[in-house]
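Below: one structure, written as structure tokens.
Every number here is computed from the coordinates shown, using simple stated rules; none is lab data. Bear in mind the structure is a predicted one, so any value in this text is a computation, not a measurement. Methodologically, a virtual Cβ is constructed for each residue, glycine included, from the backbone with ideal geometry; neighbour enumeration extends over all protein chains shown.
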Amino acid sequence: MTSQSFFNEVPLPDLANPAPSTPLTPRRRGIIVGASEGIGAALARKLAQEGYVLALLGRQKKKLTALCGEINQSAGEARAIPHPHDVTQYDEAPELLRKIVADLGGLDVIVFMAGVNYPPGGADKYNFENDRKMVEVNLLGAMAWLTPAAEMFQNAKAGQIVGIGSVAGDRGRVGNPGYNTSKAGVHTYLEALRNRLTRHGVNVLTVKPGFVKTEMLKAAQGATPFAIEPEKAANDIYNAMRRRKQTIYTPSLWRYVMFVIQHIPSFIFRRLSF
Amino acid sequence: MRTTFTQLENFGHSLRAPSYLIRPKTTEEIHAAFKQAKQLGLTVAARGAGRSYNDASLNGGGIALDMSAMNQILEWDTGSGLARCEPGVTLEQLWQKVEPEGWWPPVVSGTMKTTLGGCLAANIHGKNNFKMGTIGEHVTQFTALLPTGAKITCSPKKNADLFYAMIGGYGMLGVFTSITLRMKRIHSGLLTVDAFPVPNLSRHLSALLDGAPNHDYIVGWLDTMAGGSSLGRGQIHAARYLHESEDPKPQETMKLKNQILPPQIFGVFPKGLLHYFMTPFANNLGWWGVNVAKYIASLPKHTFRQPHAAFHFLLDYVPNWELSYGRGGLIQYQSFLPKETAEAAWTEILQMSKKRGMPSYLGVTKRHRPDKFLLTHAVDGFSLALDFKVTDANRAKLRAMLEDFDQIVLANGGRFYFAKNSETTAETALAFYGKSAVAKFKKLKKRCDPNGLLESDLYRRIFGRQE
């Protein structure tokens, strides 16, 4: 079924008028940057199910529109609005953020989910172009969106920022220096935001996924232990958001694995092949 | 002009709306804000004191024009009783200016913190609605800035269509820039108040109906906890102005120091702290106790004299009382019903609320008459305002109950008031305003605000975004 015929069968909910927030039906409002597929799409479905009204951003217009259509159909009202956007168009972020916050009538949470992984192709290969792309999307993209969002939340003295790091950001390893760096940068950036914003009543959550069965996993080299479905990751993220946690691993087993890995002394670590 | 992004709330602390706050000082600065909004693709809503219980002064994600800096009383003529004011002038400023000279605002709300701009936007009523109508009926003229940039002057004769639509139009056609209001002459700083109990709803309403013609103000307190044959019992306060000879020392009683609410109770305890002591009572059992005690205390019939400010501004008596309702805040559900159907409708509503275990904590009744404003909430009948505490646990149940209330009120020819109700849907609003009134308002909206610049959360809830 194409997305067009899908829309023709049942009238679309009125996208210009998301359901109003009232004291007895408070609407939480969120932005997910990087929602076309993978964990972003799964989290969008989850949050919409929980009553959130969402702006979904991604590069892939078709997938995004279809996802919004699906969410709105099953909710029977406008819960998701698509915004095709490439996060490396940094200058677009502040204006688009302002427009979305006006459309949603406020903002409770922003999730930066967009990420790419272009491994150099082996422990002895180097590829600056790939490294650059990863830093541009994973780190600079996050900073382009979360900086204006952080300022907004600080002034409003409320809000929640969710950033996606990775277990790969906890140590620099032989396989993919660029990816490690981009995610370590995200961790540090989120930590700095947390230290700035906690005193203003804003929660900053760092999510460190292990292997998740998404498009990105296909790029991974070698073994992918404890791989989970994106829906499981989305559930973990949602629960952490509700509890206003600081940092989570998904699945949580990675917390212990990474505790061990983080404490491997360098004279051993630099001899390892992963 | 400084723009700050900030979190705004409603009076009941039950809604939060992050907004860009602009605080204009002149008409030109309002105009500049319009231009800025257009440039940024944002909407604008004017905000007075933020004392409405719902979303009338909120514009989440958009611009809120905080009118509190335009608060000059521009002209005051003690001979004619005409006051020309900027829209951010509060009722508190106004009465304190005119009362010592023998005048009183013709219509006041239960709090004096409200601004005139806000009062006109909601077209407020007081405890004298049956006699004096709404505040709009005492406006001789106002000026406003439309989003088009046009400065207009309206009176019941000039631009009458806009006069009757902008008053009660919740700021959605333009922003008031000056308001001329005619005060009421008084001959004493005191009112004489008759207080007497009423044992049930039927007697309650007939007391309002029969008491109104002989008084200037009438208001009922309704014991929301009483049921069975006592359903709707309460106490009536009916007040009248003193005649010229009744107060031997009018100059003395009209002095401000004899009007102002004391900052302490029992002479020592600061009232600013009082709401903390109310918090433990803000639950079903606590308010049951308060209501029962209040009814017992109301049983002896008595007459006394009371300063105007003390009689009117009950909501200011305990500062920040609304905070005692806790994190979820409170909502108010007010319905206006024709005198013929009110008893049946409210019997059903009060019984339903008891049966579902969600009693209101406070009930207030008033007597009303119709007016000729386009978006009017008035009827020839009564209103009943019910306060409900909002908690995470009761939200869904309360919402369902208020939807049922709405159906009862609509079926009985009732209306609603948008300074109060926060859950009313677009369909309900269309049903009681009537299609032709809404169409007329939307036509004026297109004329005054072709680009849909003025929007509040209330507007979007009731009328939706403009096509």
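In table form, for the structure just shown:
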quantity	calculated
Residue-wise HN-Hα coupling along the stretch B:168-179, computed from phi with Karplus coefficients 6.51, -1.76, 1.60 (Hz; x: Gly, Pro)	x, x, 6, x, 9, 10, x, 10, 4, 10, 7, 9
Alpha-carbon centroids, the stretch B:1-17 and the stretch A:198-243: separation in whole Å	33
Normalised per residue, the volume of the convex hull around the Cα set of the stretch B:362-467 (Å³)	119
Inter-centroid distance (Cα atoms) of the stretch A:144-197 relative to the stretch B:99-140, Å	53
11 Å beta-carbon shell around residue B:122, net charge (K/R +1, D/E -1)	+2
Cα-centre dipole for chain A with unit charges at Cβ (Lys and Arg positive, Asp and Glu negative), debye to 20	900
Total formal charge among the other residues, if their Cβ is under 15 angstrom from that of residue A:170, Lys/Arg +1 and Asp/Glu -1	+4
Using a Förster distance of 60 Å, the FRET efficiency for residue B:447-residue A:271 (Cβ separation, nearest 0.05)	0.15
Computed [θ] at 222 nm, deg cm²/dmol, chain A (DSSP H ≥ 4; -39,500 (n - 2.57); rounded to nearest 500)	-13500 deg cm²/dmol
32 Å tail of the calculated P(r), chain A, as % of Cα pairs	23
Rough spin-label spacing in nm, given labels placed 7 Å along Cα→Cβ, for residue B:304 and residue A:264	8.2
Cβ-based net charge around residue A:148, under 13 Å, with every Lys or Arg adding one and every Asp or Glu removing one	-2
Reachable aspartates and glutamates from residue B:97, criterion Cα separation under 13 angstrom, eight or more residues apart if same chain	B:75, B:77
Largest-first principal axis extents, alpha carbons of the stretch B:190-427, Å	54, 40, 38
The stretch B:305-374 - Rg (one decimal) and Dmax (whole number), Cα, Å	15.9, 40
For chain A, built as a Gaussian network whose Cα springs stay under 10 Å, the top-fluctuating residue of A:201, A:69, A:178	A:201
Counting DSSP beta bridges with both ends in the protein assembly as shown, the antiparallel % (nearest 5)	65
If the convex hull is drawn through the Cα atoms of chain B, its volume per residue in Å³	143
Cα-based equivalent ellipsoid, the stretch A:116-274: semi-axes from gyration tensor eigenvalues, Å	27, 18, 15
For B:448, A:68, order by how many other beta-carbon atoms lie within 10 Å, fewest first	B:448, A:68
Stokes-Einstein translational diffusion, the protein assembly as shown - Kirkwood Rh over all Cα pairs, 1.002 mPa s, 20 °C, in µm²/s	75
